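Report on the structure given below.
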Amino acid sequence: MKNISIVKADITSLETDAIVNAANNHLSAGGGVCGAIFSAAGYAELKDACDKIGFCNTGSAVITPGFALKAKYVIHAVGPIWRGGDQDEEKQLYSTYYESLKIAKGNGCKSIAFPLVSAGIYGYPQKAAWETALTACCDFQKNEDSDIKIVFSVIIDELFDMGNDIMKQLGISPCGCKSGDGSTGDTEVTDKLTIGDQVYEAYFFHNANEPFGFLSNWYLSDFTVDGMKFTSMEQFIMYNKCLCFGDSISAKDILSTDDVARQKSIGRNARNYIDSVWAGRRQLIAVRGLYAKFSQNPELKKQLLDTGDAFLVECAVNDKIWACGIDLRDDSRKRADKWSGQNILGFALMEVRESLKAHE
C-alpha cells in the first residue's frame, strides 16, 4: 500500500493522473470546486463529455478525459446529500470513494486527487466526511492490493488541520498507509530508488502544492537568518546569490516580493554572475537556509524527520542542478543512473535532516 496525503491546493493545479469532481446526478456544471474543474478543463469540452454520459447514481462515479487539465482524467463522483444520517449517507459516501478508486485503477491511474466530497453545499458534517473518506481509501488499498497514490486537496486551513488530526486518530501516517491492523506499524515510503545494485526508500517531490511539497524551495514558510526574515527558501537562495556577486539592488528587489517566481527571475539575472563561483557556494547557502527553515518551524521539522533515512529527490525535467532532471511522473526517476541532474536540493535536505537528528 502507498501513501495518503492531504495538501492545501487548488485541485485543478495538481498533476495526478486523475482528479475527482464532486458531481451532481446529472453531471452538470455547478459552483465551487465543480465549477472550477469545468472552467480549467474547458467548459464546452467537459460539458459535452458529461452530457453524453447523462446521469450517475449517488454513491457511484463515471470518468471523462481531463481535456485542458494537467490530470489525464476527471472522475465525476456523486456523493450523498446529508439528511440527518439515517438515510444511508455514510454507506453512500463510502461507496463514492471506493467506486472512484476502482475506476481510477481500471484506467491505469497511479495517482488520484479528491476534494472532500459532500462536505460543502451537500451538508455532510466535515469530521464524519473525513472519517468515511479516509476509511474508504485505506480499505481500498488493502482490499484491492492497490499502490495508487491518494491525495486530498483542500484550501481551507480548518479542513486541512481536521483531516490531518483524523488521520492520526485512525492510525494513518501522512506519508504512508494505515497501521495498527496487526502489522508492525511501519509505513511504506512513496517509492523506491535504485542506485547500482542497491534499492533504497525514497521520497520524490516537485511543486509546493503537491505531496511532500514542504520540501520544495517554493514552499512558503517564514524563517529568520541573521535577523532577516525570509518567506521561502527560494527567496533566501536568490537573495544570497545576488549578494554573492555584489548585486545589492537585485537582492533588495528579491526581499520586496513574496512571489517565488519573481524572486527566481530576478536571481537568474544577477549582475556579475560567475557560474563556477556560484557552483561552489550554492549548496552551502542552501544548507544554511534549510536548517533555519526546518529548525524554526516545528511541524515542518517533524515532517522532515519523519522521512527517516530515505533519499529525498526533487523531480523537474528542466532543472539539472537542484533537481534530478526527470519529471515526477516519469518512472525513470527511480533509477539514479537515469538522472540527468545533480539533485542538489535533495542532498542538502538529507544533510539538514542528519543535523536535526543530531541535535534532537
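Some points to look at:
- Top-ranked residue in region 147-175 [being surrounded by fewer than 18 Cβ atoms within 10 Å (Cβ to Cβ) and under 21 Å from Ile75 (Cα atoms); ranked as nearest to the chain's Cα centre (by Cα)]: Ile155
- In region 258-277, the residues that are surrounded by fewer than 16 Cβ atoms within 10 Å (Cβ to Cβ) and within 15 Å of Asn217 (Cβ to Cβ): Asp258, Asp259, Ala261, Ser265, Arg268
- Among residues of region 212-232 that are closer than 19 Å to Glu351 by Cα, those with a Cβ under 7 angstrom from a residue that is surrounded by fewer than 20 Cβ atoms within 10 Å (Cβ to Cβ) and hydrophobic (A, V, I, L, M, F, W, C), sequence gap 6+ or separate chain, pair up as Phe214/Leu300; Phe223/Ala292; Val225/Ala292; Ser232/Trp218; Ser232/Leu220.
- For the residues Ser216, Ser232, Ser256, the requirement of being over 23 Å from Ser5 (Cβ atoms) and polar (S, T, N, Q) singles out Ser256.
- If the condition is being free of Cβ contacts under 8 Å to residues at least 12 places away in the same chain and either surrounded by 14 or more Cβ atoms within 10 Å (Cβ to Cβ) or of a type in the set (Gly, Ala, Ser) (or both), then region 333-360 contributes only Ala358.
- Which numbered condition Gly325 misses (of (1) without any contact (Cβ under 8 Å) to a residue 60 or more places away in the chain; (2) surrounded by fewer than 20 Cβ atoms within 10 Å (Cβ to Cβ)): (2)
- Meets criteria (modelled with pLDDT of 95 or more, of a type in the set (Ser, Thr, Tyr) and in contact with a Gly (Cβ under 6 Å, 6 or more places away or on another chain)) for Ser60: no
- Test: residue in region 23-39 that is on the phi < 0 side of the Ramachandran plot, outside any loop (DSSP other than H, G, I, E, B) and touching a Cys at 6+ places or on another chain (Cβ under 7 Å): yes
- Members of region 215-258 found to be in a loop (DSSP other than H, G, I, E, B), at pLDDT 95 or above and hydrophobic (A, V, I, L, M, F, W, C), listed by number: Phe245
The values are calculated or read from the model by the stated rules, or taken from the named source; none is laboratory data. Note that the structure is a prediction, hence the values are computed from the model and not measured. We place every Cβ from the backbone using ideal geometry, glycine too, and count neighbours over all the protein chains shown.
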